[in-house]
Amino acid sequence: MDCRVLSVQSHVVRGYVGNKSASFPLQVLGFEVDTINSVQFSNHTGYEHWKGQVLTADELHVLYEGIKLNNVNQYDYVLTGYSRDDSFLDTVVDIVQELKSANPSLVYVCDPVLGDNGAMYVPENLLPIYRDKVVPAADIITPNQFEAELLTGRHISSERDAVEVMNLLHSMGPDTVVITSSDLPSPLGDQYLVALGSQKRVSADGTMVTQQIRMDIPKVDAVFVGTGDLFAAMLLAWTHLHPNELKMACEKTVSVLHHVIKRTITFAKEVAGPNRKPSPAQLELRMVQSKADIEDPAIVLNAVVL
C-alpha cells in the first residue's frame, strides 16, 4: 500500500496530541504521513505550564510552496484537526482544494474542532469558515454532538434528530459523518455514551445508499487528551482499509481507542498510587505500548445498524 497523508495539526514535544497522536498509528497501519505542525508546544495545555510557537497562515503557505516546488505535493488524504486562526483555516482549505484539483480522488478527513459540552473553545469567527468552506470541502467529518449542532443550527435531543443532522451534514458535502460522542441516552445505561455514523455511497447498480450506525461506548472517568485526534486518524485508516463498510471501520476505530485508553488508565492509576488522581503527564496515551492493538484491534465494541 503506497498511500500518503498530509496531516496539518498541532505538535507537542512531550506526549500525544494532534500530529503526535495521529502519525504513529497511521504509520503502523502502512500509511506515509507528511506533517505540518500548526503549533509546536512543549506539551498539551492541560499541564500547569506550557511553552511554544504558533504557525501563521503565511508560514503554512511557505511550507506548502516548498513541497509544491519539488513536485511532491501528491496526496491521497488530507487530515486536519484543531485550529484557532481564521486565516490559517482559510489557507488549509485553499491547499485542500488545490490538492483535490490535482487528484480528484483525494479524501479530506476533517475533525471540525469547535467546542464541547455547550461551549466553544475556538474564536466564534471560525464557525462560518467551517460551515461554509471547510465542511463543503471535506469527505469525512468527525464532529461531536455540540459541533454537529453548531454546523447545522439544529438541536439533537433524539436519535431521529441525530439522523436528520447527519443527513444535513451530508447535504453540505461530506459522504461520511461520524458524531463521535453525544448526550443521547444509551439503552445500556448512563455509563455509556452514544456515537453515531452515516455513510453515503453509490451501490453496484448506481443508486445512492446510506448506511447509518450507532455505537454504545463505555465511559471512562478520566480526562484524556489526544483521543479525538486518534479517532479521526483511525477512521481515516479503517475507512481506507474497509471502504463502503462503515460499521466495520467504526468498530475497529472505537476498539483501538478502547484498548489505548484502557492501557493508559491502568498505567496512570498504578503510577499515581492508591486513591490519588493521575496527573496529565501520567494520563498521556500509551500509544507505543498499544502498537499491536492499533495494527490488529480485537473488536470489543459492536455497532448497531439503524
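Restricting region 129-172 to residues that are within 16 Å of Val194 (Cα to Cα) and hydroxyl-bearing (Ser, Thr, Tyr), which is most open to solvent (accessible area, probe 1.4 Å)?
That would be Ser157.
In this structure, does Leu99 turn out to be among the hydrophobic types (A, V, I, L, M, F, W, C), assigned to a helix (DSSP H, G or I) and within 23 Å of Pro123 (Cβ to Cβ)?
The answer is no for Leu99.
Are any of the residues in region 153-173 modelled with pLDDT of 95 or more, within 14 Å of the chain's Cα centre (by Cα), assigned to a helix (DSSP H, G or I) and at negative phi?
No, because not a single residue in region 153-173 is modelled with pLDDT of 95 or more, within 14 Å of the chain's Cα centre (by Cα), assigned to a helix (DSSP H, G or I) and at negative phi.
So if I check each of Gln53, Gln40, which one is open to solvent by 90 Å² or more (accessible area, probe 1.4 Å) and either polar (S, T, N, Q) or part of a strand (DSSP E or B) (or both)?
Testing whether each residue is open to solvent by 90 Å² or more (accessible area, probe 1.4 Å) and either polar (S, T, N, Q) or part of a strand (DSSP E or B) (or both) leaves just Gln53.
Within region 244-252, identify whether any single residue is of a type outside the set (Phe, Trp, Tyr), at positive phi and part of a loop (DSSP other than H, G, I, E, B), and answer yes or no.
yes
Could you list, in sequence order, all residues of region 16-36 that are in a strand (DSSP E or B) and under 12 Å from Leu79 (Cα atoms)?
Hits for region 16-36 are Val33, Asp34, Thr35, Ile36.
Quick one: which of Ile156, Ile95 is in contact with a helix residue (DSSP H, G or I) (Cβ under 9 Å, 6 or more places away or on another chain) and closer than 24 Å to Arg214 by Cα?
Being in contact with a helix residue (DSSP H, G or I) (Cβ under 9 Å, 6 or more places away or on another chain) and closer than 24 Å to Arg214 by Cα holds for just one of Ile156, Ile95, which is Ile156.
Restricting to region 62-80, count the residues that are of a type in the set (A, V, I, L, M) and either within 19 Å of the chain's Cα centre (by Cα) or part of a loop (DSSP other than H, G, I, E, B) (or both).
Residues that pass the stated criteria total 3.
Determine, yes or no, whether Ser181 is at pLDDT 95 or above, part of a helix (DSSP H, G or I), within 24 Å of the chain's Cα centre (by Cα) and closer than 24 Å to Ala138 by Cβ.
In short, no.
If you take the residues of region 287-296 that are in contact with a helix residue (DSSP H, G or I) (Cβ under 7 Å, 6 or more places away or on another chain), assigned to a helix (DSSP H, G or I) and of a type outside the set (Val, Ile, Thr), which of them is least open to solvent (accessible area, probe 1.4 Å)?
Per the criteria, the residue is Ser290.
Please find, within region 123-152, the residue that is nearest to the chain's Cα centre (by Cα) out of those that are β-branched (Val, Ile, Thr) and closer than 23 Å to Thr210 by Cα.
Across region 123-152, the extreme among qualifying residues is Thr142.
Output the number of residues of region 62-80 satisfying the condition of being free of Cβ contacts under 8 Å to residues at least 24 places away in the same chain and open to solvent by less than 50 Å² (accessible area, probe 1.4 Å).
Total satisfying the criteria: 1.
I'd like the full set of residues that are assigned to a helix (DSSP H, G or I) and buried (at least 20 other Cβ atoms within 10 Å of the Cβ), limited to region 81-90.
Phe88, Leu89
Take the conditions under 20 Å from the mean Cα position of the chain (by Cα), open to solvent by 30 Å² or more (accessible area, probe 1.4 Å) and closer than 26 Å to Met215 by Cα and apply them to Met120. Does it pass?
yes
Which of the residues that make up region 263-286 are surrounded by fewer than 21 Cβ atoms within 10 Å (Cβ to Cβ) and either under 19 Å from the mean Cα position of the chain (by Cα) or touching a residue at least 60 places away in the same chain (Cβ under 8 Å) (or both)?
Those that are surrounded by fewer than 21 Cβ atoms within 10 Å (Cβ to Cβ) and either under 19 Å from the mean Cα position of the chain (by Cα) or touching a residue at least 60 places away in the same chain (Cβ under 8 Å) (or both): Pro280, Ala281, Arg286.
The values are calculated or read from the model by the stated rules, or taken from the named source; none is laboratory data. Just so it is clear, the model here is predicted, and its values are computed rather than measured. We place every Cβ from the backbone using ideal geometry, glycine too, and count neighbours over all the protein chains shown. For accessibility, only protein heavy atoms count, side chains too; no ligands or nucleic acids. Shrake-Rupley method; radii C 1.70, N 1.55, O 1.52, S 1.80 Å.
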